[in-house]
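Q: Take a look at the following structure, please.
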Amino acid sequence: MNFESARHHMIEQQLRPWCITDPEVIEQLYADRRENFVPEAYRALAFADVEIPLGHGATMLPPKLEGRILQALAGMPLRRVLEVGAGSGHMAALLAQRAQEVWTIEIEPALADLARTNLANAEIDNVHVETGDGLAGLRDQAPFDAIVLSGGVREIPRLLIDQLAEGGRLVAFVPLPGQEPLMALRVVKRLSGGAFSSEDLLETIVPMLRQPAAKQFIF
C-alpha cells in the first residue's frame, strides 16, 4: 500500500472538505505517521473515514475528527496537555508535536501498554501514559493548557474543568439532548475570573468513554 498517496487523499478529500484548513494542522497531518498506530489487521484502513477497532470496546477516531480536535487547539501555546482515553496513542502523538508535555490516561491496562509501545516505537518522549480513570484528571500535573477527551461523555466532569489553566480549552464529545446518539464536538474555554464559555463545532457520533465512578458534571 502506498501510504503517502493514501495520506494525501485523506487530507485533500476528507479533511479539507470538513473545514480542516489551518496551515499548521495540514502540515502536521502530512508529517504524521498514523499508519504506525493502527493495528496490523486494519493497516489498509489507516486513512479511511472509519473508526478502527483497537479491542476492549475502544476505537481510533476517524482522521477528520482528529483533525478537527487539532484545529480547535490551533494557535494556542501548549505547554501541558491532558488526554483522556489513550487508545493506540495516536492522538497523544499528534498533541505531542505541538505541546511541551502530554499526559494521556487510559482505563484499560492493555490499551495503555499498546499506547506506550507505539509511542516508544515512534521515538516520542514527551508523552506520559498513565493507567486509570482519566475523568478524574491529574491534579498533581494541573493546570493544563488543553484537555482532550478522545471519546464521548454524558457530561463534562467538573474535576476536569477545574484543571484547566486560565485561557485553556477542553475538547469533548457530548450527547445532544433529545437527539441521542448524536453528539456535539464541544470546546469549553476557561476565561479570566473563573468564568467559562462553550461552543459546539460539529455534530457526530463516537463511542463513549468508560466511566467507572460517579462524577460531578457541568456543561
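Q: Positive end of the dipole of the stretch 95-219, charges at C-beta (+1 Lys, Arg; -1 Asp, Glu), about the Cα centre: which of L209, T104, V129 has its Cα farthest in that direction?
A: Positive-most Cα among the choices belongs to L209.
Q: Starting from the 7 Å offset along Cα-to-Cβ, what nm value, one decimal, do you get for the label separation of Y30 and K189?
A: Going from the Y30 label point to the K189 one covers 2.9 nm.
Q: Could you grab the relative contact order for the stretch 30-140? Cα pairs under 8 Å, six or more apart, rounded to a whole percent.
A: On the way: 170 pairs, mean separation 24.2, N = 111.
Relative contact order here is 22 percent.
Q: At 1.4 Å probe size, with every protein chain present, just tell me what the per residue accessible area of the chain comes to in Å². Walk me through the intermediate numbers first.
A: Details: 9670 Å² over 219 residues.
About 44 Å² of surface per residue is accessible.
Q: Compute the semi-axes of the equivalent ellipsoid of the chain, taking the square root of 5 times each eigenvalue of the Cα gyration tensor, and list them largest first in whole Å. Please list the in-between numbers first.
A: Values: eigenvalues 125, 73, 63 Å².
So the three semi-axes of the chain are 25, 19, 18 Å.
Q: Order L70, L201 by their accessible area, 1.4 angstrom probe, all chains in place, largest first.
A: Values: L70 5, L201 55 Å².
Output order, biggest surface exposure first: L201, L70.
Q: Need one number: % antiparallel among DSSP beta bridges in the chain, to the nearest 5. Each step should come with its number before you reach the end.
A: On the way: 20 of 40 bridges.
Bridges in the chain are about 50 percent antiparallel.
Q: Right, another one. How large a share of the accessible area of the chain, in percent, is made up of carbon and sulfur atoms when the probe is 1.4 Å and the other protein chains stay in place? Walk me through the intermediate numbers first.
A: Details: 4720 of 9670 Å².
Reported share for carbon and sulfur atoms: 49 percent.
Q: Counting only DSSP beta bridges with both residues in the stretch 81-189, what percent are antiparallel, rounded to the nearest 5? Display every interim value, and only then the final one.
A: Numbers: 7 of 25 bridges.
Taking every DSSP beta bridge with both residues in the stretch 81-189, the antiparallel ones total about 30 percent.
Q: Got a number for the accessible area of E12? Probe 1.4 Å, square angstrom, nearest 10.
A: About 60 Å², ignoring ligands and nucleic acids.
Q: Still on this structure, please answer the following. For the stretch 35-49, what does the Karplus curve 6.51 cos²θ - 1.76 cosθ + 1.60, with θ = phi - 60°, yield as ³J(HN,Hα) per residue in whole Hz, taken in order and with x for Gly and Pro?
A: Each residue of the stretch 35-49 in turn: 4, 6, 10, 9, x, 3, 5, 10, 4, 5, 9, 4, 10, 7, 7 Hz.
Q: Can you give me the long-range amide H partners of G152? Hydrogens built in the peptide plane at 1.01 Å from N, cutoff under 5 Å, separation of 5 or more residues or another chain.
A: Residues meeting the amide H criterion: M208, L209.
The values are calculated or read from the model by the stated rules, or taken from the named source; none is laboratory data. None of these values were measured; they are calculated from a predicted model. A quick note on method: Cβ atoms are made from the backbone with ideal geometry, for glycine too, and the neighbour counts reach across all protein chains shown. Remember, those area values only see protein heavy atoms, side chains included, never the ligands or the DNA or RNA. Shrake-Rupley method; radii C 1.70, N 1.55, O 1.52, S 1.80 Å.
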